[in-house]
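**Student:** Once you've had a glance at the structure underneath, I'll fire off some questions.
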Amino acid sequence: MITISGTLSRITFQNPENHYTVCRVSVPKADAITVVGHLPGVAQGERLKLKGTWTSHPKYGEQFKAASFEVTLPSSMAGIRKYLSSGIIPGINQNLADRIVDTFGEQTLEIIENEPDQLLDVYGIGKTKQKMIETAWNTHHSVRRVMEMLQGTRIDSAKAATILKTYGNHALEVLTQNPFRIARDIPAIGFAAMDELARELGTEKEDEERLKACLVCRLLDLEQDGHVFEEKQDLIRACIQMAGVSGEQLLDALGNLDADNEVVIEKDRVYLAPLHKAEAGISRRIKALLSMPNADFHVDKNLIQVQVLSAMAVQLSQEQLDVVTRIMGCKISIITGGPGTGKTTLIKALCVVFKTLRLKVMLSAPTGRAARRLSEVTGRGAKTLHKLLGFNQDTGTFERDFTNPLDLDLLVVDEVSMVDTQLMYRLVEALPAGAGLILVGDTFQLPSVGPGNVLSDIIDSAQVAVFSLTQIFRQARKSPIVMHAHSIRNGQMPDIKSATPDQPSQFYFIETSTPARVADTICELCAQRIPKAFPHIRETQVLTPMHKGEAGTISLNQRLQAVLNDAPGGIESHGHTFKTGDKVMHLKNNYDKEVFNGDIGRVIEADKSTGQVLVDYEGRTVAYDLPELDELTLAYAASVHKSQGSEYDAVVIALTTAHFPLLQRNLLYTAMTRGKFLVIIVGSTQAFKTAFDNNRTALRRSGLKDRLRACLKENV
């Protein structure tokens, strides 16, 4: 880390939400430097002590990236006069600043900070003025106090900005009185960082709040990894290492968490209360739905074929026809199968048949892109699950539940492998008792980002009707993409090097050893080789397992932007420069703008004078002001997780041994099945084999399968 001191001369940009700042700092005996980073509460004219590293921006040159900072208040009378008269503290002009400093001398700032009532001794300051100065000082310097408190801890300025955003003016109070609350509310900060601060503040090693926080934080970490519960002995063992106390003390703290309903202990399984409620709620609600009588529609197979052929000009296979016929008698059913097995055709056929039966059918999917794709292929409207259930992002609540259920006869949900435990709970809670539910998905894809193995668990419970499509249609059998994907799905190593440059194919593997060379090859493919060899390809998406590294999304996006978009200007935010023509992705559900996590669009205008970026999402323009640009990122390259529920004309997949922590068979399968007409893997055979051999999906700890079996046996 390098330390630099200087005076903040100009703030070029600051995001009020997360305090990401671009500014100029004047340093002694040198030219002013550009500083970027999370700098909450800084003001022009303040002297800063910055710790960080030098970086090179492709357009703006050398910049100092601040990891931490502190405000250095002036100590000389001349410096204090200049500071107070600078406008940093509203209500103090030059004359008043002189009178205050003349009265208190070098103790001026200490007096304002700790004994503001003494300001009444200054000529011209009455009670109203004194209160105004005190309030203005505290408002501005509350941020400084928080930052000073966090100096020397593991909490960098970016995490400090998150604390300030979460707690506002109460941040210092929370830090001093209950720092472990922060570790629970903001899991990304973690127990270790807050424990370090708490111990400095005098918290004893055996303090029960510390031990309870350790247990909860461990469970939150596991939730981030996809687990719904933890085995009690494993939880205690891990927390002994984290907290440095005995197992007996932790067991006592765990018992108190159970008594306070923060966790639920079932036999030897420990759940965070919300996850237990969700998992138990899913099984209870599925049991209730299955116990309700179902209208068994006996529709003649020949009539179904006629209806589908008339509406879709498609002849159903015998396998598809059997599913349509049998699914009529099911209250809850699952349709699963790999690429090319006709899942989408089956959904369309079901919609045709249910329409003739005058049933009210709704279609939904977990993401906006998946919902739009479902709508396009079926010709019917489809909504995201959050929109269907009336999610309010301000309150975190859902409008639809068992007291206000959905108005429908049948709900069809696609891409269910992406649905986690808590969202599935909200879904089944909102289904009316008389409704049917059809879940469609591929269990071999990546599991949900959130906790649980919902689709796999429901299938493995053997308590719900499952229809597995196995027949690969003749047209799909001609596709090496489909056939290689099925080989991987079936645990058979595909011949990935069968394609040669002189034989046009849909699938290529380009052997490249190093991440740097992988990145070079990907840039060359996207800028030159693919457009030249496949002029009909409209959309190429680069996919990679990780964000960091030379073959990660961050680096690839910068390099691809440089070779694919030479538009001038642009607006900088969070290390990205958004320019007209850029491919961008929206990062979180925004119901006001009606754009959702994973939606991809094109920048049609980036106006630096107004600070606004306009993005086209398939014909609809959405405006982003500067503070909202943290919801956008460049999308020339995306993570495989972000690609779920999407299809692209072509995908280029980076696969190197540097991606080792995330190399799994389901990641490989998910990435390959995103491409419709062309898949190119750039990387090493060793990385491919590592991913293929790693089939760890079942390691997520989830009790839904067992719970469903036990719950539904009671009906037998």
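**Student:** If you stretched the chain out fully between residue 358 and residue 513, how much longer would it get, using 0.36 nm times the residue separation minus the C-alpha to C-alpha distance?
**Tutor:** On the way: separation 155, 0.36 × 155 = 55.80 nm, distance 5.84 nm.
Result for the pair: 50.0 nm of gain on full extension.
**Student:** Do the sum for the chain: with -39,500 (n - 2.57) for every DSSP H run of n ≥ 4, divided by all residues, what is the mean residue ellipticity at 222 nm, to the nearest 500 deg cm²/dmol?
**Tutor:** -11500 deg cm²/dmol
**Student:** Still on this model: In straight Cα distance, which lysines are under 22 Å from residue 131, not counting same-chain residues fewer than 8 positions off?
**Tutor:** Hits, sequence-local ones excluded: 82.
**Student:** Among the lysines, select those whose C-alpha is under 25 Å from the C-alpha of residue 383, and discard any that sit fewer than 8 residues away in the same chain.
**Tutor:** Cross-link targets: 331, 343, 348, 355, 360, 583, 588, 593, 642, 676.
**Student:** How do the peptides 320-327, 674-681 rank, highest first, by the average count of neighbouring beta carbon atoms within 10 Å per residue?
**Tutor:** 674-681, 320-327
**Student:** Would you mind getting me the FRET efficiency between residue 106 and residue 181? Use the beta-carbon distance for r and R0 = 35 Å, nearest 0.05.
**Tutor:** 0.40
**Student:** How far, in degrees from 0 to 90, does helix 318-327 lean away from the longest principal axis of the Cα atoms of the chain, to the nearest 10?
**Tutor:** Helix 318-327 and the main axis of the chain meet at about 70 degrees.
**Student:** Further, regarding this structure: Here are some values of Rg/Rh (Cα atoms, Kirkwood Rh): (1) 1.02; (2) 0.95; (3) 1.14. Which one was computed from this structure?
**Tutor:** (1)
**Student:** Which FRET efficiency, nearest 0.05, do residue 377 and residue 292 yield, Cβ-Cβ r, R0 35 Å?
**Tutor:** Working from the Cβ atoms, E equals 0.70.
**Student:** For the modelled label position 7 Å from the Cα of residue 53 along Cα-to-Cβ, which residues of segment 1-34 have backbone nitrogen atoms closer than 11 Å?
**Tutor:** Hits in segment 1-34 for residue 53 at 11 Å: 1-2.
**Student:** I've got another one for you. With every protein chain left in place and a probe of 1.4 Å, what is the accessible surface of residue 496, to the nearest 10 Å²?
**Tutor:** 10 Å²
**Student:** Just read off the accessible area of residue 446 with the full protein assembly in place, 1.4 Å probe, to the nearest 10 Å².
**Tutor:** Taking all protein chains as shown, residue 446 has close to 10 Å².
**Student:** If one takes the longest principal axis of the Cα atoms in the chain, at what angle in degrees, from 0 to 90 and to the nearest 10, does the Cα axis of helix 273-291 lie?
**Tutor:** 20 degrees
**Student:** For residue 165, go through the aspartates and glutamates and keep the ones whose alpha-carbon is under 20 Å away, minus same-chain ones fewer than eight residues off.
**Tutor:** 17, 70, 148, 156, 173, 185, 394, 625, 628, 630, 631
**Student:** For a protection proxy built on the mean count of beta-carbon atoms within 10 angstrom, sort 524-532, 206-214, 338-346 highest first, please. Please report the intermediate quantities before stating the final value.
**Tutor:** Values: 524-532: 14.8, 206-214: 19.6, 338-346: 21.9.
The most tightly packed comes first, giving 338-346, 206-214, 524-532.
**Student:** Next up: Nearest 20 debye, what's the magnitude of the dipole of the chain about its Cα centre given +1 on Lys and Arg Cβ and -1 on Asp and Glu Cβ?
**Tutor:** For this selection, approximately 2280 debye.
**Student:** If I stretch the segment between residue 532 and residue 268 completely, what's the gain in nm (0.36 nm per residue apart, minus their alpha carbon distance), one decimal?
**Tutor:** Extra length available between residue 532 and residue 268 comes to 89.0 nm.
**Student:** Rounded to the nearest 0.05, what FRET efficiency do residue 252 and residue 113 have when you use their Cβ-Cβ distance and R0 = 51 Å? Write out the running numbers ahead of the final one.
**Tutor:** Working: r = 42 Å, r/R0 = 0.82.
FRET efficiency, residue 252 to residue 113: 0.75.
**Student:** Further question: Taking Cα atoms, how many degrees apart are the long axis of helix 94-104 and the longest axis of the chain, rounded to 10 and kept between 0 and 90?
**Tutor:** Around 70 degrees separate the two axes.
**Student:** Further question on the same structure: Filter the GluC sites (Glu not before Pro) in segment 617-707 to those in DSSP coil with at most 15 other Cβ atoms within 10 Å of their Cβ, and list the result.
**Tutor:** For GluC sites (Glu not before Pro) across segment 617-707 that sit outside H, G, I, E and B with at most 15 neighbouring Cβ atoms in 10 Å, the list reads 618.
The values are calculated or read from the model by the stated rules, or taken from the named source; none is laboratory data. The model shown is predicted, which means the values in this text are computed figures rather than measured ones. For neighbour counting, all protein chains shown are included, and Cβ atoms are generated from backbone atoms with ideal geometry for every residue, glycine included. With ligands, DNA and RNA removed, areas are computed over all heavy atoms of the protein, side chains included. Shrake-Rupley method; radii C 1.70, N 1.55, O 1.52, S 1.80 Å.
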